[in-house]
1. Within the set of other residues whose C-beta is less than 12 Å from the C-beta of Pro247, count the net charge using Lys and Arg as +1 and Asp and Glu as -1.
2. Taking the Cα atoms of region 149-216, report the difference between the largest and smallest coordinate on each principal axis, in whole Å and largest first.
3. Can you list the lysines whose alpha carbon sits under 17 Å from that of Lys210, skipping same-chain ones fewer than 8 residues off?
4. So if each residue of separation counts as 0.36 nm, and I subtract the Cα-Cα distance between Ala196 and Asp162, what length gain in nm does that give?
5. At 7 Å along the Cα-to-beta-carbon direction for both Arg106 and Arg206, put a label point, then send me their distance in nm to one decimal.
6. State, to one decimal in nm, how far the label point of Glu269 lies from the label point of Thr35, with both points 7 Å from Cα in the Cβ direction.
7. Sorted by average packing, counted as other Cβ atoms within 10 angstrom per residue and highest first, what order do 157-169, 43-55, 217-229 take?
8. Suppose all protein chains stay in the model; what accessible area per residue would a 1.4 Å probe give for region 102-145, in Å²?
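The values are calculated or read from the model by the stated rules, or taken from the named source; none is laboratory data. Keep in mind the model is a prediction, meaning the values are calculated, not measured. Here the Cβ positions follow ideal geometry from the backbone for every residue, glycine too, while neighbour counts run over all protein chains shown. Heads up: the accessible areas ignore ligands, DNA and RNA and are worked out on the full protein's heavy atoms, side chains in. Shrake-Rupley method; radii C 1.70, N 1.55, O 1.52, S 1.80 Å.
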Amino acid sequence: MTAVLDQTPPQTVRLASLTTLGVGGEAELWTAETTADLEAATREPYRVLGAGSNLLVADAGVSERVIKLGHAYNDVRTFGAYNATSSGSDGGVWLGAATPLPGLVRRAAAVGWSGLEGLLGVPATLGGAVAMNAGTRFGEMSDTLQEVEMFVNGGLERLNADALGLGYRRSALPPGAVLTRARLALTPSSPERVQAAMAQVDAARRGQPKNKSAGCAFKNPPGSSAGRLIDAAGLKGLRVGQALVSPEHANFIVNLGGASAADVVALLEQIQQRVRRSGAGVPLATEWELWGFAPGTAATLREVPCALPC
Ligand code: FAD
Ligand code: EPU
């Protein structure tokens, strides 16, 4: 196990290689395996990276440290033991925040526990899924989440899920919190029933592209669908550089190979303007988090500040 304190110096990485969209410049990567690692890593301004599946990172990268939880926070291999641990006094099971959601969903189905089916196809870590309250119309993270453990203010704290402000693709974590573990309560079912529910989710996702992307670019406006609005404005196939509005699903921007963040931002802005002008009258807000863009670069986009004053 490599602790951050042993890393001399922490690695410099291109965030393009750690994000599903495959875009973004360099940052200093701090891999945390212990609470002591988190203490060391959080002494300077930082951001927290999960699976990088909901991020657009600037071509210049970010100047803050990027903290990623290491193997010690990945419990996917032990999850089959849920049966044995489910009778614990706090109910449910504690899992590390670096546990990959796809593996968790598969294993829950294999042992016949229900509650995570709606998250099939979401390529997140458990921590990122909690932070975004990831979901589909078949279910979201908040359905099973009971409690989290987080590193905040220099130590570990626990918080009930109902204090996390979870809503449609959002949470209100305390500033600077690094989620370390989450307690989930699943419902006993059977592998057959869970698989049948997952088949429905799979069918609903079949129209989504398989190319490199960060999932849906824009949130659905209340009572409407961003994908339908972008499609109706005739924007499928719109391209800037190597960034393309997917012909399969209009709310996905795909990287054809070597797209820059500047390409992607230009495309996002064109989509916003053209949907607004199309008469739909609905402003589209990004679902993605944007890292490393100067404030005002794209006024209607959502720049997310780093965890400490930078
Ligand atoms: P990241 O993208 O790495 O980070 C997202 C946010 O979470 C950042 O603010 C980050 O700082 C924070 N974060 C991550 N880990 C931690 C932690 N341990 N502690 C504190 N904060 C943390 N989303 C859906 O909701 N539904 C879908 O159906 C869906 N489909 C997708 C399909 C594809 C092909 C792709 C590429 C993405 C899809 N997404 C979907 C988007 C994405 O998977 C989710 O938003 C997911 O929750 C992001 O998790 P992550 O671990 O990748 O987080
Ligand atoms: N539509 C079009 N053209 C398109 C795409 C969609 O007309 O190009 C129409 C569809 O025909 C349908 C409606 O828009 O009538 C909704 O489309 P879809 O069923 O694909 O769902 P969505 O609202 O676009 C949402 C989530 C997805 C999630 C799916 C499955 C958002 C922004 N998107 O998509 O989440 O996987 O439902 O439940 O909430 C993500 O968040 O990254 C994501 C991929």
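1. Here the count lands on 0.
2. 43, 34, 18
3. Lys210 reaches Lys236.
4. Fully extending the segment from Ala196 to Asp162 adds 9.3 nm.
5. Each label point is offset 7 Å from its Cα along the Cβ direction, giving 2.2 nm.
6. Each label point is offset 7 Å from its Cα along the Cβ direction, giving 4.6 nm.
7. With the highest mean Cβ count within 10 Å placed first, the list reads 43-55, 217-229, 157-169.
8. Heavy-atom SASA per residue in region 102-145 reads 32 Å².
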